[in-house]
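**Student:** Please see the structure below; I have some questions.
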Amino acid sequence: MIKTPYVLFTRIPVIKNEAGKIFCDRLWAKDLCLHLDYISDFRLCCPVVYSNDTHGLDEITEFDIGYIYELRKDYGFRSVAINIFANLSNIIKACKEASIVHSGGAGWAFPLSFYLFILAPFISFQWVIVIESSDWMFDRRYQKISLRKLISHYTHKIILSGCVKKADARIFTQSFYRKYFLKKEEQRTLIAPATWVDKSSLTSREVVEKRCLDRKGKPIEIIFPSRLIEDKGVFVLFKAIKYLKEAGIVMNLTIMGSGDLENECRAFAKKDHGSVNVIYRDLVKYGDEFFSVITEYDLVLILNLKQEQPRIVFDAFSQGIGVIAPDTAGILDITIEKENAAIFKCGDPENLAEVIVSMVESPENARRMGLKGLDYIDGKTHINMHLDRQKFFSKVLSYGQND
């Protein structure tokens, strides 16, 4: 048990209503609760939004959070400029009162780690940094070049590299991030994929085998559950379906999600795609409802154009469903090609179509991949992720702890 003051810095807001009760996103509440299992003096430094609209949020008022250092939420670049000194003041206070600080590499307009990088030479604390996303990374193969994207890319790359090197404990969700920031250095590092699946959500081999038996002889069902933005490969999917239509492939494909390209996806689903039946489906709440939906399908399709490690891979495996996914670093770290995943060349719609055709022609592979995925996720639940972190902290940090 970590007994010294531990402050988690995040851009994820909490909501406080007029009665003084505190709420946050359901998944964030779940994650906070697991931190409290091994940190006795846990504190938060995050944006606090005052509102009585708490629909769909979980109350965390009774959580054993020692203190919340309130930040102002940034909504645009003007608010960033207005809030920067007020936020810096509270961040300084949080750092002075902390023994251990914990920050990440994400957050708009920049990660709170940037503040800690500036303060580290002047305030004594042990630093835990978690790198689990890379929205800021620019890849000219899939993105149009712009000055804004280049500035964001190199600013993050330079400052986050400094943060990672200064940190006492470095946690990465995939090996690519460790190599990107530290090259060959592996001291004080942990590779811990971010999985949010609970053991209670895992299905059984018997359920998977019965499900596959019931579907035998029916057209293959593939679902693309995603945030509907360009970086998630939406346009790659559109082009791939044209190839599948020309090939006369019989299959059903469901697009499920929301985002900037939602209207384009809805319109695309209404078009004639020959024997490829494309359906648009509204997004459902993550958890049991989401798992219930994806078990209606044979395969989960992932099309990410960036190196991130999507949570949906673990979600699919937890239900005994194989994935069709790109050969990005984040995917390759947690899949085994031709066992629990069918891998295609990232951003290549023709190769994607070829992989889908191979799955349609050999549907028994979907069943085999699903069972292998279920085997793979054994021991890789959300609580296991936190247990791995706790063991890691005990090796690389110094703090008061119980016997």
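**Student:** In segment 181-203, what residues are touching a Ser or Thr at 6+ places or on another chain (Cβ under 8 Å) and either within 21 Å of Ile331 (Cα to Cα) or not β-branched (Val, Ile, Thr) (or both)? Working first, answer last.
**Tutor:** Taking segment 181-203 and keeping what is touching a Ser or Thr at 6+ places or on another chain (Cβ under 8 Å), we get 181-182, 191-195, 197-199, 201-203.
Residues satisfying the conditions are Phe181, Leu182, Ile191, Ala192, Pro193, Ala194, Thr195, Val197, Asp198, Lys199, Ser201, Leu202.
**Student:** Now for a separate question. For segment 42-64, give me each residue that is free of Cβ contacts under 8 Å to residues at least 40 places away in the same chain and either of a type in the set (Ser, Thr, Tyr) or under 18 Å from Leu112 (Cβ atoms) (or both).
**Tutor:** Phe42, Leu44, Cys46, Pro47, Val48, Val49, Tyr50, Ser51, Thr54 - these are the residues of segment 42-64 that are free of Cβ contacts under 8 Å to residues at least 40 places away in the same chain and either of a type in the set (Ser, Thr, Tyr) or under 18 Å from Leu112 (Cβ atoms) (or both).
**Student:** Another question about this same structure. Quick one: in segment 313-337, which of the residues that are surrounded by fewer than 21 Cβ atoms within 10 Å (Cβ to Cβ) and assigned to a helix (DSSP H, G or I) is modelled with the highest pLDDT?
**Tutor:** First, pick out the residues of segment 313-337 that are surrounded by fewer than 21 Cβ atoms within 10 Å (Cβ to Cβ): 327, 329, 332-333, 336-337.
From what's left, assigned to a helix (DSSP H, G or I): 329, 332.
Working: Ala329: 92, Leu332: 95.
This residue is Leu332.
**Student:** Go over the candidates Arg367, Arg389, Arg311 one by one and state the one that is outside the structural domain of Arg227 (by TED's automatic domain parsing) and among the basic types (Lys, Arg). Spell out how you get there, then give the answer.
**Tutor:** Working: Arg367 fails: outside the structural domain of Arg227 (by TED's automatic domain parsing); Arg311 fails: outside the structural domain of Arg227 (by TED's automatic domain parsing).
One residue alone meets the criteria, Arg389.
**Student:** Would you please name the residue that is farthest from Gly56 (Cα to Cα), looking only at residues in segment 1-38 that are in a loop (DSSP other than H, G, I, E, B) and of a type in the set (D, E, K, R)? Quick ask: steps written out before the conclusion?
**Tutor:** So the first thing to find is which residues in segment 1-38 are in a loop (DSSP other than H, G, I, E, B), and the list is 1, 3-5, 10-13, 17-21, 25, 36-38.
Still in the list and also of a type in the set (D, E, K, R): 3, 11, 18, 21, 25, 37.
Working: Lys3: 33, Arg11: 19, Glu18: 17, Lys21: 15, Asp25: 8, Asp37: 25 Å.
Only one residue fits best here, namely Lys3.
**Student:** I'd like to verify a number: residues in segment 39-66 that are β-branched (Val, Ile, Thr), under 23 Å from the mean Cα position of the chain (by Cα) and not in a strand (DSSP E or B), how many?
**Tutor:** So the count comes out to 1.
**Student:** Surrounded by 17 or more Cβ atoms within 10 Å (Cβ to Cβ) and within 28 Å of Gly76 (Cβ to Cβ): does that describe Pro193? Show your work before the answer.
**Tutor:** Values: surrounded by 17 or more Cβ atoms within 10 Å (Cβ to Cβ): yes; within 28 Å of Gly76 (Cβ to Cβ): no.
No; evaluated as a whole, the condition is false for this residue.
**Student:** Which number in (1) within 30 Å of Ala269 (Cα to Cα); (2) free of Cβ contacts under 8 Å to residues at least 60 places away in the same chain marks the one condition that Glu230 misses?
**Tutor:** With respect to (1) within 30 Å of Ala269 (Cα to Cα); (2) free of Cβ contacts under 8 Å to residues at least 60 places away in the same chain, Glu230 is out only on (2).
**Student:** Here is a check on your reading of the model: is Tyr75 at pLDDT 95 or above, of a type in the set (Phe, Trp, Tyr) and farther than 23 Å from Tyr286 by Cβ? Let's see the steps before the verdict.
**Tutor:** Working: at pLDDT 95 or above: no; of a type in the set (Phe, Trp, Tyr): yes; farther than 23 Å from Tyr286 by Cβ: yes.
Against the criterion (at pLDDT 95 or above, of a type in the set (Phe, Trp, Tyr) and farther than 23 Å from Tyr286 by Cβ), Tyr75 does not qualify.
**Student:** Further question: Would you confirm, using the coordinates I've provided, whether Ser152 is in contact with a Phe, Trp or Tyr (Cβ under 8 Å, 6 or more places away or on another chain) and buried (at least 22 other Cβ atoms within 10 Å of the Cβ)?
**Tutor:** no
**Student:** What number of residues in segment 228-249 are surrounded by fewer than 18 Cβ atoms within 10 Å (Cβ to Cβ) and at positive phi?
**Tutor:** Result for segment 228-249: 1.
**Student:** Buried (at least 16 other Cβ atoms within 10 Å of the Cβ) and part of a strand (DSSP E or B) - does that describe any residue in segment 258-273?
**Tutor:** No, every residue in segment 258-273 fails to be buried (at least 16 other Cβ atoms within 10 Å of the Cβ) and part of a strand (DSSP E or B).
**Student:** For residues in segment 185-206 being under 18 Å from Gly104 (Cα atoms) and part of a loop (DSSP other than H, G, I, E, B), which is farthest from the chain's Cα centre (by Cα)?
**Tutor:** Taking segment 185-206 and keeping what is under 18 Å from Gly104 (Cα atoms), we get 188-196.
Narrowing further to those that are part of a loop (DSSP other than H, G, I, E, B): 188, 192-196.
On the way: Arg188: 23, Ala192: 12, Pro193: 9, Ala194: 7, Thr195: 8, Trp196: 9 Å.
Only one residue fits best here, namely Arg188.
The values are calculated or read from the model by the stated rules, or taken from the named source; none is laboratory data. Given the structure is predicted, the values throughout are model-derived calculations rather than measurements. Heads up, the Cβs are rebuilt from the backbone with ideal geometry, glycines too, and the neighbour counts pull from every protein chain shown.
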